[in-house]
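Everything below concerns the one structure shown next.
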2 protein chains.
Amino acid sequence: MRADAQKNYSHLLAVARGIVTDRGTEVSMRDIARRADVGLATLLRHFPTREALFEALMRTDLDALTQMAGELEATAAPAEALLSWFTEWLAFAQAHKGAVTLMAEAHTNPGSALYASCAAVHLASAHLLAQAQAAGVARHDMTGDDLFGLMSALGWLVDLPSFAPRAEHLSQIIASAILTPGAGAEMR
Amino acid sequence: MRADAQKNYSHLLAVARGIVTDRGTEVSMRDIARRADVGLATLLRHFPTREALFEALMRTDLDALTQMAGELEATAAPAEALLSWFTEWLAFAQAHKGAVTLMAEAHTNPGSALYASCAAVHLASAHLLAQAQAAGVARHDMTGDDLFGLMSALGWLVDLPSFAPRAEHLSQIIASAILTPGAGAEMR
DNA sequence: ACCTGAACACCGTTCAAGT
DNA sequence: ACCTGAACACCGTTCAAGT
């Protein structure tokens with residue numbers, strides 16, 4: 001990348017981060033370009049779509065999130081790992097309002113800039129679920145898809161200001177539906 | 001209302017119903033007006049906002065839904081009433097794609113055309129939950145708000161084509177989190 | 001009373017022309 | 001290589017002018 005392009009790229013990302021933080025996720029691409037003192041076409045040249053921009057904005061946190069899944073899988077007990085994973089996911093969702101909606105729409109669309117991230121989260125979740133199921137602490141009539149769905153639904157919900165305060169509690173309710181009550185005790 | 005206005009109103013509603021059914025919930029007001037061979041301003045005179053239009057489109061089904069809650073409360077056992085309520089809600093959500101998102105956004109906004117409907121669903125849900133809690137078949141650490149939240153999250157989720165096939169199953173998972181396992185047995 | 005075209009201030013997409 | 005103004009086809013809002 002040419003030096004001026006590199007500079008534009010970083011500048012746009014920084015401006016976008018700032019403007020999204022204090023004006024929300026719905027800002028128009030035009031506004032971001034305007035704030036960055038750059039033509040709209042320039043912004044779109046670096047980030048051809050809104051998803052591409054958000055993917056770049058969240059990449060660091062997304063990587064940290066999926067890496068955390070691996071650590072939990074390796075170090076924590078299966079049930080605790082799943083619970084902690086819910087907490088991590090929720091923290092991510094609350095740090096990036098609107099991200100869950102974008103991801104839920106992108107997760108079946110391989111052309112989306114967010115597709116790979118969705119797949120990574122999906123895969124990490126499925127692993128943690130499988131581990132919990134193998135240990136007999138999670139219900140067996142559930143797939144990784146179901147888990148990703150419930151996580152998405154929860155993430156969407158806590159984006160609504162009226163439900164944000166109940167986030168932790170709602171998360172526990174859903175988690176309790178997944179984890180079987182008696183640790184190690186099979187349910188049928 | 002003048003005769004010509006009444007006729008326009010019915011015509012617009014019919015056209016909107018048709019176009020929403022086969023082109024989805026995201027159609028523009030302009031497209032609806034166009035299809036109805038009417039000026040955009042005329043459409044907006046009858047339905048000043050998109051929410052007002054959808055409220056009119058769903059009014060019949062919404063009334064039927066909340067009425068059903070009353071019947072379930074009166075006739076079914078508390079746990080079964082809550083389960084049936086979930087089923088009814090899900091059927092409504094699937095019959096009106098996009099409705100849940102509109103309702104979730106409207107439910108704290110008294111100015112919204114959908115506010116009253118949200119309040120009715122919320123109230124009906126809270127009654128069924130309270131009844132189940134009094135009978136000792138639903139967890140006590142939950143409010144009507146929580147239930148409405150979980151219902152909204154579920155309704156949003158099954159609007160996504162990839163999750164629609166799992167709707168019934170996902171609904172059961174969430175329901176199982178609310179209903180306590182041993183009927184009549186208190187949990188603490 | 002009710003309807004409507006037109007002006008308005010937006011939006012994201014595209015591309016020919018500039019450096 | 002990279003940038004950008006301008007044209008484009010949209011969107012919902014508003015209102016003066018028509019019937």
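Across region B:1-99, C-alpha contacts under 8 Å between residues 6 or more apart give a mean separation that, scaled by the residue count, equals a relative contact order of 23 percent.
Among A:112, A:155, A:137, flag the residue with its Cα farthest along the positive direction of the charge dipole of chain A, charges on Cβ as +1 for Lys/Arg and -1 for Asp/Glu. With unit charges placed on the Cβ atoms, the residue in question is A:112. Taking Lys and Arg as +1 and Asp and Glu as -1, the other residues whose beta-carbon sits under 14 Å from that of residue B:1 total +2.
Over chain B, dividing the summed -39,500 (n - 2.57) contributions of all DSSP H runs of at least 4 residues by the number of residues returns a 222 nm mean residue ellipticity of -23000 deg cm²/dmol.
Here region A:1-130 is treated as a Stokes sphere of Kirkwood radius computed over C-alpha pairs; at 20 °C and 1.002 mPa s its diffusion coefficient rounds to 135 µm²/s.
Reducing region A:57-76 and region B:13-68 to their Cα centroids gives an inter-centroid distance of 44 Å. Around the Cα centre of region A:39-94, unit charges on the Cβ atoms of Lys, Arg, Asp and Glu (plus for the first two, minus for the last two) sum to a dipole of about 400 debye. Protein heavy-atom surface of the protein assembly as shown, 1.4 angstrom probe: 54% of the accessible area is carbon and sulfur, with nucleic acids and ligands not counted. The HN-Hα couplings worked out from phi for region B:159-175 by the Karplus form 6.51 cos²θ - 1.76 cosθ + 1.60 (θ = phi - 60°) are 6, 7, x, 6, 9, 3, x, 8, 3, 4, 5, 4, 4, 5, 4, 5, 4 Hz, whole numbers, x standing for Gly and Pro. Each principal axis of the Cα atoms in region A:1-64 has its own extent, and those three values, largest first, are 29, 24, 18 angstrom. Given that compact globular proteins tend to follow 2.2 N^0.38 Å, what is the ratio of the alpha-carbon Rg of region B:76-188 to that value? Taking the Cα Rg and dividing by 2.2 N^0.38 Å, one obtains 1.06.
Residue A:34 contributes an accessible area of around 150 Å² to the protein surface, as traced by a 1.4 Å probe with all chains present. The 1.4 Å probe gives accessible areas that order B:68, B:142, largest first, as B:68, B:142. Look at the alpha carbon pairs under 8 Å that are at least 6 residues apart: their mean separation over the length of region A:81-184 gives a relative contact order of 33 percent.
Rounded to the nearest 20, the Cβ-based charge dipole of chain A about its Cα centre (Lys and Arg +1, Asp and Glu -1) stands at 700 debye. Working from Cα pairs under 8 Å separated by at least six residues, relative contact order for chain B is 19 percent.
Counting only Cβ charges, +1 for Lys and Arg and -1 for Asp and Glu, the dipole size of the protein assembly as shown around its Cα centre is about 1340 debye. Association of chains A and B removes close to 2300 square angstrom of accessible area from solvent, both sides included, for a probe radius of 1.4 Å. The ellipsoid equivalent to the alpha-carbon distribution of the protein assembly as shown has semi-axes of 35, 34, 16 angstrom, derived from the gyration tensor eigenvalues as √(5λ) and listed largest first. Look at the dipole of region B:40-90 built from charges on Cβ: of B:42, B:81, B:52, the Cα furthest out on the positive end belongs to B:42.
The values are calculated or read from the model by the stated rules, or taken from the named source; none is laboratory data. Predicted, not measured: the structure shown is a model, and the values here were computed from it. Using ideal geometry, Cβ is built from the backbone for each residue, glycine included, and neighbour counts are taken over all protein chains shown. Accessible surface areas use protein heavy atoms only, side chains included; no ligands, DNA or RNA. Shrake-Rupley method; radii C 1.70, N 1.55, O 1.52, S 1.80 Å.
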